[in-house]
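Following: one structure in structure tokens, then a few remarks.
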Amino acid sequence: MPEMNSKYPGPGPLNRRQFLRNTLLGMAALSFPTGYAVAGSASPGKRKIVWVLLRGALDSLHTVIPTQDPHYQQLRPTLSQSFNQPLLPLNKAFSLHPALKNLYQMYQDKALLPVVAVGSGYPSRSHFDGQDYLESGLPKTDEDSGWLGRAVAARQASALAVSRAKPMSLRSASQVNSWYPSGLDNAEQDFYERLSALYEGNPAMHEALEKGMQVRGLVSSEEAPKRRGRFEDLAGACARLMLEDPKLDCAMLEVGGWDTHNQQANRLNRGLSELDQGLLALQKGLGKEWQNTVIIVATEFGRTAKENGTQGTDHGTASALLLAGGAVRGGQVLGQWPGLAPEQLYEQRDLMPTSNSFDWIATVLHQHWQLAQPELRNVFPQAKVLPQSLIAS
């Protein structure tokens with residue numbers, strides 16, 4: 001069995017005009033992405049990557065279910081019987097959670113490829129350190145450098161972070177735009193007209209406002225304010241923004257709520273349904289560009305093989321990696337299954353990792369973005385390109 005370790009793969013008083021100017025500018029900045037360039041339709045054939053980070057440690061054993069493993073029900077007598085609908089069969093050995101109906105359709109359309117029993121090589125079970133390790137992609141975490149940022153730099157492209165702050169995954173890239181919906185109610189149209197008039201004497205600010213208004217038109221929604229920030233809405237906005245800027249080769253989205261220590265069945269029903277609807281929104285929003293897109297869905301680590309006393313699971317080791325998109329050679333389940341017998345578990349408690357997440361991601365970068373070996377070594381110094389064909393020809 002493989003061992004799990006680090007080698008495993010005071011400003012003065014303002015006059016009325018200054019006060020109004022600063023106040024309106026501050027309010028506008030909450031809604032408009034800084035430095036965002038709006039352009040025409042994306043050029044056809046642009047190869048895109050969307051990185052979706054599931055923060056909180058997704059339980060892969062409740063997501064890509066090993067239905068043929070004889071120890072599964074023994075380890076999870078409650079959780080294995082908690083599905084309120086039939087499981088969605090992928091092959092003889094694995095099924096998807098019933099909440100993942102859209103992902104199941106993608107699988108049938110050869111656009112979903114689950115990889116089981118993966119780990120990043122992070123040797124402990126701390127959420128924050130595990131996420132940092134996954135986002136950095138380096139043998140020793142560098143909080144100022146992320147693997148996606150290094151890949152974007154090698155690609156000489158631009159990226160979009162759908163986030164309130166620049167995530168670690170993208171910190172080493174200079175060409176990163178960020179967007180996230182404001183928590184404030186939408187302003188009336190005359191507010192923007194007055195703001196435009198105020199900025200007439202400043203060409204740079206007026207141009208920035210005009211671009212911001214174009215973005216607002218792309219991502220505006222009539223949804224109630226309490227619905228802002230839903231993954232489905234963020235994913236749909238992400239797709240629209242990627243289509244409108246031909247320089248955007250990739251984007252990053254984040255979804256929290258996967259730390260299911262208790263009442264896991266109900267919580268994952270909701271969480272997986274949200275993920276499923278969001279990935280469908282990406283597919284619909286990207287339109288024809290879906291065929292040129294790979295979505296990488298990963299989490300910092302998995303959860304214990306055995307359920308706990310509160311109908312949940314605790315911090316574990318191996319989890320699953322999901323590759324989706326029209327560019328993926330889907331309709332198959334990859335990865336070596338280690339088994340759930342007591343002697344097959346990592347430290348007698350967790351699903352054993354049999355491959356490294358970074359190897360799979362590096363293979364996507366090589367096959368989809370055509371990054372060369374020197375570029376890949378800069379992105380993932382310890383990763384290797386796998387022989388499996390992950391990208392459709």
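The values are calculated or read from the model by the stated rules, or taken from the named source; none is laboratory data. This structure is a prediction, so every number in the text was calculated from the model and none was measured. Using ideal geometry, Cβ is built from the backbone for each residue, glycine included, and neighbour counts are taken over all protein chains shown. Only protein heavy atoms, including side chains, enter the accessible area calculation; ligands, DNA and RNA are left aside. Shrake-Rupley method; radii C 1.70, N 1.55, O 1.52, S 1.80 Å.
I'm told Ser174 meets every condition in (1) open to solvent by 10 Å² or more (accessible area, probe 1.4 Å); (2) closer than 24 Å to Ala318 by Cα except one. Can you identify the failing condition by its number?
Of (1) open to solvent by 10 Å² or more (accessible area, probe 1.4 Å); (2) closer than 24 Å to Ala318 by Cα, only one is false for Ser174: (2).
Among the candidates Gln332, Gln291, Gln344, Gln348, which residue alone is within 22 Å of Leu88 (Cα to Cα), polar (S, T, N, Q) and open to solvent by 10 Å² or more (accessible area, probe 1.4 Å)?
Gln332
Restricting the search to the stretch 107-143, which residues are at positive phi and of a type in the set (Lys, Arg)?
If we filter the stretch 107-143 for residues that are at positive phi, which is where we start, we get 110, 117, 121, 137.
Across the stretch 107-143, the qualifying residue is only Lys110.
Step by step: first the residues of the stretch 344-374, then only those that are part of a loop (DSSP other than H, G, I, E, B) and more than 22 Å from the chain's Cα centre (by Cα), then the one that is farthest from Val116 (Cα to Cα). Which residue is that? So that I can check it myself, show each step before the final result.
Just the residues of the stretch 344-374 that are part of a loop (DSSP other than H, G, I, E, B), to begin with: 345, 347-349, 351-354, 369-372.
Filter again for more than 22 Å from the chain's Cα centre (by Cα), leaving 345, 347-349, 351-352, 354, 372.
Working: Leu345: 14, Glu347: 18, Gln348: 18, Arg349: 17, Leu351: 10, Met352: 10, Thr354: 9, Ala372: 26 Å.
Selected residue: Ala372.
Go through (1) among the charged types (D, E, K, R); (2) touching a Lys or Arg at 6+ places or on another chain (Cβ under 8 Å); (3) surrounded by fewer than 18 Cβ atoms within 10 Å (Cβ to Cβ) one by one and return the number of the condition Lys306 breaks.
With (1) among the charged types (D, E, K, R); (2) touching a Lys or Arg at 6+ places or on another chain (Cβ under 8 Å); (3) surrounded by fewer than 18 Cβ atoms within 10 Å (Cβ to Cβ) applied to Lys306, the lone miss is (3).
If I filter the stretch 243-257 for residues that are assigned to a helix (DSSP H, G or I), at pLDDT 65 or above, buried (at least 18 other Cβ atoms within 10 Å of the Cβ) and among the aliphatic types (A, V, I, L, M), do I get at least one hit?
Here is the first cut: in the stretch 243-257, the residues assigned to a helix (DSSP H, G or I) are 243-244.
If we keep only those that are at pLDDT 65 or above as well, we get 243-244.
Next, from what is left, pick out any that are buried (at least 18 other Cβ atoms within 10 Å of the Cβ): 243-244.
Add one more test, that the residue is among the aliphatic types (A, V, I, L, M), and what stays is 243.
Yes: the stretch 243-257 contains one or more residues that are assigned to a helix (DSSP H, G or I), at pLDDT 65 or above, buried (at least 18 other Cβ atoms within 10 Å of the Cβ) and among the aliphatic types (A, V, I, L, M).
Counting only residues that are among the basic types (Lys, Arg) and surrounded by fewer than 23 Cβ atoms within 10 Å (Cβ to Cβ), which one in the stretch 104-150 is nearest to Ala327 (Cα to Cα)?
Applying the first criterion (among the basic types (Lys, Arg)) to the stretch 104-150 yields 110, 125, 140, 150.
Still in the list and also surrounded by fewer than 23 Cβ atoms within 10 Å (Cβ to Cβ): 110, 125, 140.
Working: Lys110: 9, Arg125: 33, Lys140: 32 Å.
Filtering first and then ranking leaves Lys110.
Mind counting the residues in the stretch 273-288 that are touching a Phe, Trp or Tyr at 6+ places or on another chain (Cβ under 7 Å) and surrounded by fewer than 20 Cβ atoms within 10 Å (Cβ to Cβ)? Even if it seems obvious, please write down each step before you answer.
Going residue by residue through the stretch 273-288, those that are touching a Phe, Trp or Tyr at 6+ places or on another chain (Cβ under 7 Å) are 274-275, 278, 283.
Narrowing further to those that are surrounded by fewer than 20 Cβ atoms within 10 Å (Cβ to Cβ): 274.
Adding up the residues that qualify gives 1.
Do we have Thr299 as open to solvent by 10 Å² or more (accessible area, probe 1.4 Å), β-branched (Val, Ile, Thr) and touching a Leu at 6+ places or on another chain (Cβ under 7 Å) here? Step through it out loud before you land on a result.
On the way: open to solvent by 10 Å² or more (accessible area, probe 1.4 Å): yes; β-branched (Val, Ile, Thr): yes; touching a Leu at 6+ places or on another chain (Cβ under 7 Å): yes.
It is true that Thr299 is open to solvent by 10 Å² or more (accessible area, probe 1.4 Å), β-branched (Val, Ile, Thr) and touching a Leu at 6+ places or on another chain (Cβ under 7 Å).
Of all residues in the stretch 44-77, which are part of a loop (DSSP other than H, G, I, E, B), open to solvent by less than 60 Å² (accessible area, probe 1.4 Å) and farther than 30 Å from Pro167 by Cα?
Pro66, Thr67, Asp69, His71, Arg76
Identify the residue in the stretch 130-145 that is among the polar types (S, T, N, Q) and in a helix (DSSP H, G or I) and, among all such residues, is farthest from the chain's Cα centre (by Cα).
Quick first cut of the stretch 130-145, residues among the polar types (S, T, N, Q) only: 131, 136, 141, 145.
When the remaining residues are screened for being in a helix (DSSP H, G or I), the result is 131, 136.
Values: Gln131: 12, Ser136: 14 Å.
So, considering only residues that are among the polar types (S, T, N, Q) and in a helix (DSSP H, G or I), the one farthest from the chain's Cα centre (by Cα) is Ser136.
Find all pairs meeting these conditions: Cβ atoms under 8 angstrom apart; at least six residues apart or on different chains; first residue within the stretch 50-67 and on the phi > 0 side of the Ramachandran plot; second residue in a strand (DSSP E or B) and open to solvent by 10 Å² or more (accessible area, probe 1.4 Å).
The qualifying pairs are Gly56/Thr299; Ala57/Thr299; Ala57/His315.
Could you please find all residues in the stretch 144-160 being among the polar types (S, T, N, Q) and modelled with pLDDT under 95?
Narrowing the stretch 144-160 to residues among the polar types (S, T, N, Q): 145, 156, 158.
Correct list: Gln156, Ser158.
Go through the stretch 231-285 and give me each residue that's small (Gly, Ala, Ser) and under 17 Å from the mean Cα position of the chain (by Cα).
First, the residues of the stretch 231-285 that are small (Gly, Ala, Ser): 235-237, 239, 251, 256-257, 265, 271, 273, 278, 281, 285.
Scanning the stretch 231-285 gives Ala235, Gly236, Ala237, Ala239, Ala251, Gly256, Gly257, Gly271, Ser273, Gly278, Ala281, Gly285.
When the stretch 297-338 is examined, which residues are found to be among the hydroxyl-bearing types (Ser, Thr, Tyr), touching a helix residue (DSSP H, G or I) at 6+ places or on another chain (Cβ under 7 Å) and in a strand (DSSP E or B)?
Going residue by residue through the stretch 297-338, those that are among the hydroxyl-bearing types (Ser, Thr, Tyr) are 299, 304, 310, 313, 317, 319.
With the extra rule that they be touching a helix residue (DSSP H, G or I) at 6+ places or on another chain (Cβ under 7 Å), the set shrinks to 313, 319.
Listed by number, the list holds a single entry, Ser319.
Which residues, counting only those in the stretch 263-272, are of a type outside the set (S, T, N, Q), open to solvent by 40 Å² or more (accessible area, probe 1.4 Å) and either at pLDDT below 95 or within 14 Å of Pro98 (Cβ to Cβ) (or both)? Steps first, please.
Going residue by residue through the stretch 263-272, those that are of a type outside the set (S, T, N, Q) are 265, 267-268, 270-272.
Filter once more, so that each one left must be open to solvent by 40 Å² or more (accessible area, probe 1.4 Å): 267, 270.
Of everything in the stretch 263-272, just one residue is of a type outside the set (S, T, N, Q), open to solvent by 40 Å² or more (accessible area, probe 1.4 Å) and either at pLDDT below 95 or within 14 Å of Pro98 (Cβ to Cβ) (or both), namely Arg270.
Just need a number here: residues in the stretch 161-198 that are at pLDDT below 60, in a loop (DSSP other than H, G, I, E, B) and aliphatic (A, V, I, L, M).
2
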